[in-house]
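Beneath this line is the structure, given in structure tokens, with notes to follow.
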Amino acid sequence: MKQLIKCSKMSNGSLLITEEIQHLSSSVFGIFVRIGSDYETVNQNGISHIIEHMLFKGTELRDAKKIALEIESLGGVINAYTSRDHTSYYFICLPDVLNKILNIFQDMMFNSLIPNDQLEREKKVILEELHSAMDDPQDIVFQNLNKMMYQDTPYEKTILGTEKTIKSITRNDIINFMNKYYSNSNIFLSSAGPNSHEEIREIINFKNTNIKSSKIIRRKRVPVQKGLFKYVYKPALSQLHIAMGTKGVKFESDEKYTLLLLSAIIGSGMSSRLFRILREDMGIVYEIYSFIESFFDSGIFGLYFICDAKNFEKAISAVKSEFNNIIKNGINDEEIQKVKTQIVSSSLISFDTLSGRMRFLARSMLYHGKITYLDESIEKIRNIDKDQLMRTAKKYCNLNDFNVSIVGSKRKFEWKP
């Protein structure tokens with residue numbers, strides 16, 4: 001597939017990355033800031049997420065209600081998210097109103113008043129979000145897995161922060177944080193749709209006057225724990241929620257494609273090995289899947305499943321047995337081809353969405369520092385051979401290296417990895 005992608009530096013120092021797709025009838029535009037929870041201090045954990053909420057709360061020209069009303073009156077949809085290593089604000093609209101919505105969007109992003117009364121009110125909303133996460137066993141089990149794996153490193157923090165840090169963050173903290181990181185040199189713009197690169201450059205009247213940011217220290221080596229275990233008692237549950245994880249690969253590593261194939265063979269979809277064994281053959285789980293997460297400096301390879309407490313030992317034994325089976329007996333060509341087709345198809349389907357394209361472009365710049373094309377990723381997946389896959393399996397399919405996080409209703413639960 002031929003992609004019409006262009007990248008250029010704006011006069012203020014920010015990068016603009018666009019993909020022109022002439023046959024589409026809508027456009028997406030995003031502003032990405034290279035800061036997230038991994039690079040916050042312990043005392044300010046959650047501040048990136050608070051800022052994401054607060055930038056919707058009003059400027060001198062528009063209060064929160066007017067921002068929403070003006071954008072929605074033009075048919076636009078606006079949203080944002082905070083991740084471990086970046087924060088994104090974006091909107092989707094029809095191409096002929098992109099300039100009008102972008103004007104509102106930039107005012108919201110760079111002229112937000114952050115009023116104290118709104119901040120205190122929004123902190124209550126975020127605390128409700130935090131409490132909701134603490135009630136969700138899946139959220140708890142993954143948060144605890146992350147804390148175990150990255151124990152005593154900056155990566156053990158959560159995106160939401162803690163009740164203590166959320167309550168303590170002040171307006172001055174937010175202003176200072178934004179002055180430090182929300183600068184033109186730490187921001188890039190990403191767009192996909194029928195508008196040309198030149199057209200988008202012309203309509204951007206960048207309202208951010210903050211030119212230079214403090215340097216974010218990227219960690220080249222992140223120590224990761226292994227073989228740890230944590231159990232949380234939740235009396236309202238009827239099953240165990242289990243998340244297991246070991247050190248994976250960072251985003252820019254080509255090994256992530258081989259690990260992605262291995263993960264798909266192990267637990268992605270109804271034809272994957274562990275789904276067939278634990279659900280179809282043994283009938284001891286309802287949900288099971290493997291996953292990989294890759295960040296700027298690190299990554300996780302893991303497994304999640306839900307089962308009755310009495311079936312836990314059987315499930316773990318079956319996982320260990322299948323890991324050993326893969327290492328001992330290998331993976332056949334038919335299975336490799338199946339997961340390659342599965343991953344390529346999934347990538348192309350995701351790429352058919354505007355937000356998927358915009359994020360692909362943004363992540364290229366965020367993690368690689370350059371534009372990468374979907375064809376390049378697909379080619380790398382297709383070129384993986386059996387020997388590569390087996391080397392990766394021998395490296396990652398060792399259950400002793402996995403940290404295990406469990407949430408369940410059994411009052412006393414003891415298990416040694």
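Only the coordinates and a few stated rules stand behind these numbers; no lab work does. Quick caveat: nothing in here was measured; it's all calculated off a predicted structure. Here Cβ is always computed from backbone atoms with ideal geometry, including for glycine, and neighbour counts include all displayed protein chains.
The alpha carbon centroids of segment 114-165 and segment 1-27 are separated by 34 Å. As a proxy for reagent exposure, ranking 363, 221, 273 by other Cβ atoms within 10 Å from fewest up yields 221, 363, 273.
Taking every alpha-carbon pair under 8 Å whose residues sit at least 6 apart, the chain reaches a relative contact order of 22 percent. Our summary of shape: the Cα atoms of the chain have principal axis extents of 62, 50, 38 Å, ordered from largest down, in whole angstrom. Summing charges over neighbours of residue 120, with a neighbour being any other residue whose Cβ is under 12 Å away from its Cβ, gives +4 when K and R count +1 and D and E count -1.
Averaging Cα coordinates gives a centre for segment 396-417 and one for segment 290-365; these two points are 20 Å apart. A Cα-only calculation for segment 270-316 places Rg and Dmax at 12.7, 39 Å. Using Cβ point charges alone (K and R +1, D and E -1), the dipole size of the chain about the Cα centre works out to roughly 1240 debye.
Amide H contacts of residue 402 (H built 1.01 Å from N, in plane; Pro and chain starts excluded): 227 sit under 5 Å, all sequence-distant by 5 or more or on other chains. If you wrap segment 229-408 in the convex hull of its Cα atoms and look at it from every side, the mean projected area works out to 11.2 nm². Among residues other than residue 55 with Cβ under 11 Å from its Cβ, the summed charge is -2 (Lys and Arg +1, Asp and Glu -1). The mean sequence separation of alpha-carbon pairs under 8 Å and at least six residues apart, normalised by the residue count of segment 4-203, gives a relative contact order of 41 percent. Under a model in which nothing but the beta-carbon of Lys, Arg (+1) and Asp, Glu (-1) is charged, segment 229-408 shows a dipole of about 340 debye around its Cα centre. Considering only 306, 237, 325, the residue lying farthest towards the positive end of the dipole of segment 229-408 is 237, judged by Cα position with unit charges set on Cβ. Per-residue 3J(HN,Hα) values for segment 119-134, derived from phi via the Karplus relation 6.51 cos²θ - 1.76 cosθ + 1.60 with θ = phi - 60°, read 4, 5, 5, 5, 4, 5, 4, 5, 5, 5, 4, 5, 5, 4, 5, 6 Hz in sequence order (x marks Gly and Pro). Step through the table entries 65/100; 230/412; 226/416; 320/416; 370/395, compare each Cα-Cα distance with 24 Å, and write down the pairs that go over it. Too far apart for the 24 Å limit: 370/395. Can you give the direction-averaged projected area of the convex hull of the alpha-carbon atoms in segment 4-203, in nm²? So the Cα hull casts an average projection of 12.3 nm². Once the gyration tensor of the Cα atoms in segment 229-277 is diagonalised, the equivalent ellipsoid follows with semi-axes of 28, 18, 7 Å, ordered largest first. All other residues whose Cβ lies under 14 angstrom from that of residue 325 are scored, Lys and Arg at +1 and Asp and Glu at -1, for a net of +2. Take every Cα pair under 8 Å whose residues are at least 6 apart in sequence, average their separation, divide by the length of segment 229-408, and the relative contact order is 38 percent. By definition, a body whose alpha carbon gyration tensor gives a ≥ b ≥ c is oblate when a/c is 1.5 or more and a/b is not larger than b/c, and segment 238-308 fits this oblate description.
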